[in-house]
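Heads up: the structure comes next, in structure tokens.
Please treat every number below as a calculation from the coordinates, not as lab data. In this text the structure is predicted, and so the values were computed from the model without any measurement. When we count neighbours, we look across all protein chains shown, and the Cβ atoms used for this are built from the backbone with ideal geometry, even at glycine.
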Amino acid sequence: PKTCPRDSPAAGEDIFPPGFPNSDIPCEYVLFVAANKLVELEVLTLVTDGNRDSLEIIEGASVSHLIANLTGTIVTTTKFTTEKSNVMRVN
């Protein structure tokens, strides 16, 4: 069965949704680094299904700030970094 991962990915680990490339399960990934550090996410490729899919990148664990809401296609490597927090949520 396709299920979301329970553990946070390790630094440098690629993230793929369950059942990739035919995934239809929404998952949230929590990325964190040591205190006083910032989280950087590098999106290598993204292809969403029209207006039905998106990739949200959110700074913070509880009080949150939307960094980006991505739709469409990205084929050029794009980096996103938290401004203050050592936690980033991706869903």
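The charge dipole of the chain, taken about its Cα centre with unit charges on the Cβ of Lys, Arg, Asp and Glu (plus for the first two, minus for the last two), comes to roughly 140 debye. Which of PRO21, GLY72, VAL90 sits closest to the plus end of the dipole of the chain, meaning its Cα is farthest towards the positive end, when Lys and Arg get +1 and Asp and Glu get -1 on the C-beta? With unit charges placed on the Cβ atoms, the residue in question is VAL90. Excluding same-chain neighbours fewer than eight residues apart, the aspartates and glutamates reachable from LYS37 by a Cα-Cα span under 16 Å are GLU59, GLU83.
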